[in-house]
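First comes the structure, then the notes that go with it.
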Amino acid sequence: MAEIKAIVFDLDDTLYPECAFVLSAYAAVAEAFRDRLGDPQQTKADLTAIFDSPDRRRAFDALLAKRGMPADRDLIAAMIDTYRSHTPTISLHRDADAALSRLRNSYRLGLITDGPAVMQNAKVEALGIRSLVDHVILTDELGEGFGKPHPRAFEVMAEVLTVPHAQCAYVADNAKKDFIAPNALGWTTIQILRPDGIYSDAVPPAGGSPHHAIDTLDGIDAILP
């Protein structure tokens with residue numbers, strides 16, 4: 001393994017628990033639409049129950065169906081907008097906060113994250129990420145089709161950090177898409193396996209297996225030469 005000079009992180013379920021954002025967003029939606037949905041506490045409870053069901057990806061549709069309400073597309077669109085744009089109540093995992101503080105003394109640090117830019121930026125701002133790393137890439141801002149597993153974000157990151165691909169490492173959680181591009185570019189890839197991670201059971205495709213796996217970011221130091 002070449003000497004690593006840059007460590008780039010994924011965001012959701014790597015640096016903070018994604019479920020915390022979901023619950024924060026559900027609370028914001030429940031409060032914003034209390035005139036249509038009723039008691040915010042009950043709405044949040046109903047949405048939380050749906051999150052733990054197969055209807056997770058269509059939670060708002062499922063909520064309206066549960067309430068016997070028509071599938072109002074304008075209402076659902078407004079709920080989605082609130083979900084994505086609210087100011088979230090979230091915090092870094094303790095090991096992530098410690099790792100970013102510790103590693104920045106020896107490495108160039110970056111962040112690459114997928115998802116709607118307004119939503120991911122709200123997370124980045126709430127967590128104070130920009131003060132902890134050298135560069136942040138929201139793949140949505142690169143244009144349509146440049147989300148992972150497309151290599152563009154990794155190419156841009158290496159260029160901005162002025163570090164060769166062979167000396168870059170990527171730390172992420174979702175084996176289904178996170179490691180394909182950095183593997184192909186010659187990066188060292190590390191999967192963080194958190195017990196509450198939404199994608200902890202994801203199966204990697206061909207070329208998408210990480211080189212290393214850890215269950216806490218405290219383990220990064222033992223992997224890198």
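Laboratory data are not the source of any read-out in this text; all were calculated from the coordinates shown. This is a predicted model, so every value here is computed, not measured. Here Cβ is always computed from backbone atoms with ideal geometry, including for glycine, and neighbour counts include all displayed protein chains.
Here the label points at TYR199 and THR48, each 7 Å from Cα along the C-beta direction, are separated by 2.6 nm in the simple model. With N denoting the number of residues in the range 111-180, provide Rg(C-alpha) divided by 2.2 N^0.38 Å, to two decimal places. So the range 111-180 has a normalised radius of gyration of 1.08.
Counting only residues at least eight positions apart within a chain, or on another chain, the lysines with an alpha carbon under 20 Å from that of LYS177 are LYS148. Springs between Cα atoms under 10 Å define the GNM used for the chain, and in it the highest mean-square fluctuation of LEU63, LEU100, LEU92 occurs at LEU63.
The aspartates and glutamates within cross-link reach of LYS66, meaning a Cα-to-Cα straight distance under 19 Å and a gap of 8 or more places when in the same chain, are GLU31, ASP35, ASP39, ASP46, ASP52, ASP55, ASP74. A Förster radius of 22 Å, combined with the Cβ-Cβ distance separating ASP61 from THR87, puts the computed FRET efficiency at roughly 0.35. Mind sorting out which of (i) 0.98; (ii) 1.08; (iii) 1.16 is the real Cα Rg over 2.2 N^0.38 Å computed from the coordinates? Answer label, from the structure shown: (ii). A straight chain from ASP39 to SER101 at 0.36 nm per residue would run longer than the Cα-Cα distance by 18.2 nm.
Neighbours of ALA166, meaning other residues whose beta-carbon lies under 13 angstrom from its beta-carbon, give a summed charge of 0 when Lys and Arg score +1 and Asp and Glu score -1. Across the range 191-196, coupling constants 3J(HN,Hα) worked out from phi with the 6.51/-1.76/1.60 Karplus curve, θ = phi - 60°, read 9, 9, 9, 8, x, 9 Hz, and Gly and Pro carry x. Net charge dipole, the chain: roughly 80 debye, given to the nearest 20, about the Cα centre with Cβ charges of +1 for Lys and Arg and -1 for Asp and Glu.
Each Cα pair under 8 Å and six or more residues apart adds its sequence gap; the mean of these over the residue count of the chain is a relative contact order of 24 percent. Length available on full extension from SER209 to GLU144: 0.36 nm per residue minus the Cα-Cα distance, which gives 20.9 nm. Applying both filters, DSSP loop and at most 11 other Cβ atoms within 10 Å, to the GluC sites (Glu not before Pro) of the range 125-179 gives GLU144. The amide H of ALA213, built 1.01 Å from its N in the peptide plane, has GLN191 as neighbours under 5 Å, considering only residues 5 or more places off or on other chains.
Label separation (ASP218 vs LEU75): 4.8 nm, computed from points 7 Å beyond Cα along the C-beta direction.
Extent of the range 19-85 along its three principal axes (Cα atoms, max minus min coordinate, largest first): 28, 24, 20 Å. Taking the helices alone, the chain has a mean residue ellipticity at 222 nm of -12000 deg cm²/dmol, built from -39,500 (n - 2.57) per DSSP H run of at least 4 residues and averaged over all its residues. Of the chymotrypsin sites (Phe, Trp or Tyr not before Pro) found in the range 18-102, none is in coil by DSSP with at most 12 other Cβ atoms within 10 Å of its Cβ.
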